[in-house]
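The numbers here are math on the coordinates, done by the rules we state, and not lab data. Quick caveat, the model's predicted, so the values are computed rather than measured. With ideal geometry, Cβ positions are generated from the backbone for all residues, glycine too; neighbour counts draw on all protein chains shown.
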Amino acid sequence: MNQTSIARFITFEGIDGAGKSTHIGFVADYLRQRGVALVCSREPGGTSLGEKLRELLLHEKMHLETEALLMFASRREHIAQVIAPALARGEWVVSDRFTDASFAYQGGGRGMDLRKMEALESWVHPDLQPDLTLLFDVPLAVARARLDATRALDKFEQEQADFFAATRNEYLRRAAQFPQRFRIIDSTQSIAAIQVELAKLLDVLLENNSTSD
Ligand SMILES: Nc1ncnc2c1ncn2[C@@H]1O[C@H](COP(=O)(O)OP(=O)(O)OP(=O)(O)O)[C@@H](O)[C@H]1O
Ligand SMILES: Cc1cn([C@H]2C[C@H](O)[C@@H](COP(=O)(O)O)O2)c(=O)[nH]c1=O
């Protein structure tokens, strides 16, 4: 990430079990305690319709392009109802996943043509990109062990190692493609160590935002 950039739209990404959901509440609380008005949301979901689509997406088998289209349908609604209005009010948005997840899961994991994904992205949000994307990165075995220790697995979480290897590779490819926007977090660290790293990063962002206002 460019250290002088302003961050108001922050996305959290990573393969299932990487630990991003563990840290999103920490980031939201850290920012709120420092006077930032923000909306915390997730994809798929974030709206009433989006949460219904999430249920289908996480539990129903479907064609890979149907899956991609429904992800973008949920996103269109999320942008219209939540993200764009919040940014227009001057609030920050912290989202658990956004379009990088479609590239990683439907593109990398499922093998959908990335040109189709780019077409969907240009259609659904031609002028909107996250200012900062935190990519929680871990080896597959670590993510798998964390998931297995926690809960009943959804459709994606039940995928095999080669799916997650391809998903992770696509995340890392995008991080290399957009180095100004991505910040890779080594999620094999302890939760406490990651929070120290996140706090330092957020302090820089807050400083940049205060000097740009
Ligand atoms: N750095 C860490 N060290 C050890 N355990 C962790 C760490 N981060 C998260 N965990 C644990 O791993 C499990 C999965 O974490 P979490 O739900 O945050 O993952 P996630 O990446 O958001 O997964 P998903 O995308 O499937 O929701 C939780 O039990 C959490 O407590
Ligand atoms: C936005 C988005 C999500 N997914 C997948 C990734 C995860 O397996 C689930 C969401 O569950 P989470 O544990 O709350 O992160 O959906 C996807 O395949 N494509 C997308 O665009």
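Mind giving me the FRET efficiency for Lys200 and Arg115? R0 is 35 Å, r the Cβ-Cβ distance, nearest 0.05 is fine. Don't skip to the end; give the middle numbers.
Numbers: r = 38 Å, r/R0 = 1.08.
Efficiency for this residue pair is about 0.40.
In region 9-210, a dipole from Cβ-located charges (positive for Lys and Arg, negative for Asp and Glu) runs towards its positive end, and of Met112, Met71, Ala165 it is Met71 whose Cα lies farthest in that direction. The fewest-to-most ranking of His125, His78 by surrounding Cβ atoms within 10 Å reads His125, His78. Evaluated over the Cα positions of the chain, the convex hull gives a direction-averaged projected area, one quarter of its surface, of 11.2 nm².
Tell me, Met112, Met62 in order of fewest to most beta-carbon neighbours within 10 Å? Intermediate results must be reported in sequence, preceding the final value.
Working: Met112 19, Met62 13.
Taking fewest neighbouring Cβ atoms as first place, the list is Met62, Met112.
Measuring spread by the Cα atoms of region 1-85 yields a radius of gyration and Dmax of 14.8, 45 Å. Normalising the average separation of contacting C-alpha pairs (under 8 angstrom, six or more residues apart) by the number of residues puts the relative contact order of the chain at 35 percent.
Computed about its Cα centre, the charge dipole of the chain is approximately 80 debye, with only Lys, Arg, Asp and Glu carrying charge at their Cβ.
Fewest-first ordering of Asp113, Asp100 by other beta carbons within 10 Å of each residue's beta carbon gives Asp113, Asp100.
Mean residue ellipticity at 222 nm, helices only, the chain: -15500 deg cm²/dmol; runs of at least 4 DSSP H residues each add -39,500 (n - 2.57), and the sum is divided by the number of residues.
In this structure, the pairs whose alpha-carbon distance is over 29 Å, taken from Lys20/Lys155; Lys61/Lys116; Lys116/Lys200, are Lys116/Lys200.
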